[in-house]
Amino acid sequence: MDVSRRCLFCQKSFPDNGRFEQLPQGRRIAYDPDRGRLWLICGHCFRWTLVPMEDRDAALYELERAARDEAIPVAHTANIRLLRLKHIILVRVGAADLTEQAWWRYGRELRSRKASFDSRRSRVTAYTFGALNFVGEVLGLADPDVSVDWQDTPVADVLRWRRFGWAAWHGRSTCPFCQSTLRALRYDLSWWCYPLEGEDGGMAVGVPCPRCDPWTPEHIYRIEGGEAEHVLRRVLAYQNITGAGERLIRDATLAIETSGSPGEFALDSTRQRQTLWRMGTAGTVALEIALSETVERRMLDLEVRAVEFMWQREEELARITDEELTPAGILRRHLRRIPVRLAPRRRAGILADPGPG
């Protein structure tokens with residue numbers, strides 16, 4: 001296959017992708033299956049190099065099959081979809097599917113987390129640290145913030161402490177009823193937090209006030225703003241450190257599908273005013289997936305808009321180039337090269353047009 005190995009603009013070489021037989025070069029690939037267009041995106045200048053027409057058909061079929069069966073969608077606009085296939089970025093031009101199931105990649109992460117938690121290495125590490133902590137307690141040298149329940153889930157407790165520490169948030173939040181101040185949110189008390197709707201329309205976290213009534217949703221400290229979303233994601237990762245199996249992931253994704261989208265599911269969670277404990281394991285797993293999806297989409301929004309801007313420019317150039325290579329375009333270009341002979345100007349008075357009357 002005779003594909004240009006260098007960028008048309010900066011002359012940098014396209015790296016081998018090691019994945020596509022019909023398109024061996026390029027790790028950033030854009031294609032339009034409807035119009036039959038194919039570009040290689042340079043990783044240095046980010047310009048799009050149009051692949052010759054005779055080299056597109058087989059490559060487009062291979063790209064479309066990989067995008068449908070293997071690639072993971074990460075962002076989209078009305079015109080393009082951004083997909084990831086291991087180390088390759090695919091930009092598929094065309095209307096996005098109505099049902100976005102990008103949260104499946106978080107399902108893969110949860111399955112991997114569960115496999116890591118169930119491994120023998122994790123258990124040996126947890127019991128080793130737990131034994132050292134027990135010896136430290138006997139000698140009076142243990143960390144007072146470490147809490148290990150040896151009758152319930154000692155492995156999870158030790159792994160949580162090693163990864164997250166003891167507090168999910170440090171700051172100042174005042175209870176509106178008793179005026180007490182919350183300075184830190186302990187992970188072991190985070191099960192009783194409430195996902196709430198923030199004053200700015202985003203997420204907020206409600207922490208029950210132990211001095212008022214920890215079972216009354218109105219007697220709470222509120223963590224607002226961007227840090228609330230960050231705190232809630234940390235708390236959910238802490239609680240779901242054991243991962244999830246296929247059935248649990250299926251239940252979580254079904255709950256998200258029922259709400260319509262990850263954003264709608266997160267909004268529905270704030271309206272129920274339930275603690276994370278009352279939401280259950282499937283609910284907290286679904287909320288973690290929904291929040292992660294929302295945050296990543298926000299981060300990728302600027303990137304995908306920039307890609308769409310570049311596509312609009314390159315699409316116009318590709319249209320002109322393809323039209324020039326069609327038989328009609330070749331004929332028009334040939335006719336433009338034929339000199340036009342102008343008729344001699346008529347002599348005044350001899351061949352002049354007669355005037356009126």
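Quick look at the values:
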| item | result |
| --- | --- |
| Exclusive hit being of a type in the set (Ser, Thr, Tyr), at pLDDT below 80 and under 28 Å from Arg186 (Cβ atoms), set Thr294, Thr284 | Thr294 |
| Residue match in segment 174-191 (condition: among the small types (Gly, Ala, Ser) and more than 21 Å from Arg271 (Cβ to Cβ)) | yes |
| Every residue from segment 26-42 that is modelled with pLDDT of 85 or more and of a type in the set (Asp, Glu) | Asp32 |
| Residue list for segment 219-228, restricted to those being at negative phi and surrounded by fewer than 20 Cβ atoms within 10 Å (Cβ to Cβ) | His219, Arg222, Glu224, Gly226, Glu227 |
| Which numbered condition Ala66 misses (of (1) in a helix (DSSP H, G or I); (2) hydrophobic (A, V, I, L, M, F, W, C); (3) modelled with pLDDT under 75) | (3) |
| Any hit, segment 56-63, residues being of a type in the set (Asp, Glu) and part of a helix (DSSP H, G or I) | yes |
| Residues of segment 140-198 classified as among the polar types (S, T, N, Q), modelled with pLDDT of 65 or more and surrounded by 13 or more Cβ atoms within 10 Å (Cβ to Cβ), total | 4 |
| Odd one out for Phe46 among (1) closer than 23 Å to Glu316 by Cα; (2) in contact (Cβ under 8 Å) with a residue 40 or more places away in the chain; (3) touching a strand residue (DSSP E or B) at 6+ places or on another chain (Cβ under 6 Å) | (3) |
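The values are calculated or read from the model by the stated rules, or taken from the named source; none is laboratory data. What you are looking at is a predicted structure, and each value in this text was computed from that prediction instead of being measured. Please note: Cβ atoms are built from the backbone with ideal geometry, for glycine as well, and neighbour counts cover all protein chains shown.
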